[in-house]
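Notes follow once the structure below has been shown.
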Amino acid sequence: MAAPIVLHGHFYQPPREDPWTGRVDAQPSAAPFHDWNERVHAECYRPNACAGISTEEGERVVNNFERLSFNVGPTLLSWMQKADNEIYSRILDADKASRERLGHGNALAQAYHHTILPLDSVWDVRTQVRWGLRDFEHRFGRRAEGMWLPETAASDETLRILIEESIAFTVLSPYQAARWRPAGGEWVESDHEAIDVRRPYRYLHPDGSGRYITLFFYDGEVAQSIAFGNLAASAEGLLNAFGERAQEGRLVHAATDGETFGHHHRGGEIGLALALFVETDKRGLEVTNYATYLEGHPAEHEVRVWAGEGTSWSCAHGVGRWSRNCGCSTGGPEGWSQAWREPLRAAFRLIKGHADEVFTQLGRSLLHDPWGARDRYVDVITGAAGLDDWLVRETRNSLDKSDLGRVVSLLELQRNAMSMFTSCAWFFSDVGGTETVQNLRYAARTLEYLEALDCPMPGDLLMSSLAQAKSNDHSIGSAADILRSLSPNVLTGR
């Protein structure tokens, strides 16, 4: 019997559309392409969906998404649907092909805006999860069985919400497991023994109901070698790593950024295609996916994750990379500080708190169920529902055209306010970076919606917090200076 393997690719780009125009502006750093979406698409997404390989039978073009476990960020899929519908369709078709081959689809949903869920409010976590599920169902034509957590960031509260939203499984880093035990056995602490990543684990809801989510902890050594070593360069190296760990009935699996294959490692899509479509059978390896494996091997062991604010796969300090100057960064000269992270998040939380108050107060008089309507607004965003029909269902009777306009402004207020927390704003080295400025654009747009709703944000405290988010480049100034340049009238000092 062949030994089962799963390779998961997390495909994602932060949203890059101008929140005023809906268009992606030129990004010179992505040259010779117009922007980074176009560049990564040309280097990774298209090559993986149309990988040309040489076999004993001749030349073939294969779709790597048919053999990868994968998730593609909802905002990336939205862009791709418009920019290259052929490749968008091939990704959806790959999920159908895997369902026909395995009985379960390769695709996982993703929390919508790629925010760090342990740092979000409970209501925002629920909406991010629900938007991700609804977007997935609209595109893939089925209910998602699993969900990818942005940066695999998880906490007890995050996992509890996933259980309550009926998500069957997710994938975490092995270092996020705190302790585990066999059914009815003694707990084993991770300080004393590494978790066995070849089996699934149950994480039980704390309410005693017996509800649980299955957690797969990927093989950290294999994943590290794929992402930062040379395993992505050849089918032989990739399958050697899996084959060395292969054992009948036990799952060998790894997760990495999908952009590893083709963007980070040029030509990586070819080695991946040869590995998954040609060489696995010769090695006695069976390419499967998480849902299929879980059907035949339900979790029996129980696991707990680390208590506290949360953990992730790309920060050794839990989720500090997205909230404070923890020491993790990418890019920038030596000596640059990320002290701007904490005041930037504090400023965004001030805006979000005010936006939530306005949404609650105004929404009560306009919507039957304001927060439920926010959850369902994703159907308008995806095109699953027309705006006019949606408004008829969600709004109170006898609203005039002006009131209906206020409803749309309230929902767009929330959409932009959640977009402010897209994770990439904190991932890199400086507050003046492309991704952070994009989130500041969402902040400016949120503030403009508040002005339009006659509920402007008091400016003094916000200005103080933004001014503390100082760039390492003195010519840029601070987040307050950037925000003023984006929308000069939103910080009035009121």
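Just so you know, all these numbers are worked out from the coordinates, no wet-lab data involved. Treat the numbers as computed from the prediction; the structure is a model and nothing was measured. For neighbour counting, all protein chains shown are included, and Cβ atoms are generated from backbone atoms with ideal geometry for every residue, glycine included.
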Quick check: net charge around Asp375, other residues with Cβ under 10 Å of its Cβ, Lys/Arg +1 and Asp/Glu -1? +3
Students often check this: by mean Cβ neighbours within 10 Å, which of 68-79, 325-336 ranks highest, and how do the rest follow? 68-79, 325-336
Taking 8 Å as the Cα distance limit and 6 or more residues as the minimum spacing, I'd like the relative contact order of segment 3-305 as a percentage. 26 percent
About the Cα centre of the chain, what is the dipole size in debye to 20, counting +1 per Lys and Arg Cβ and -1 per Asp and Glu Cβ, all else neutral? 640 debye
Which of the peptides 408-416, 21-29 is most tightly packed, and how do the rest follow, going by the mean number of other Cβ atoms within 10 Å of each residue? 408-416, 21-29
Per the helix-only model, the chain has a calculated mean residue ellipticity at 222 nm (DSSP H runs of ≥4, -39500 (n - 2.57) each, divided over all residues, rounded to the nearest 500) of -12500 deg cm²/dmol
Going by average Cβ neighbours within 10 Å, how do the peptides 267-280, 170-183 rank, with the highest at the top? 267-280, 170-183
With Cβ to Cβ distances under 10 Å as the rule, what net charge do the other residues near Ala275 carry (K, R +1; D, E -1)? 0
Total charge of the residues flanking Trp187 in space, meaning their Cβ is under 13 Å from its Cβ, with Lys and Arg +1 and Asp and Glu -1, is -2
From the Cα centre of segment 339-417 to that of segment 146-225, the distance in Å is 33 Å
Estimated vicinal HN-Hα couplings, Hz - segment 79-93 in sequence order (Karplus 6.51, -1.76, 1.60; Gly, Pro = x): 5, 5, 4, 7, 7, 8, 5, 4, 6, 3, 5, 5, 5, 5, 5
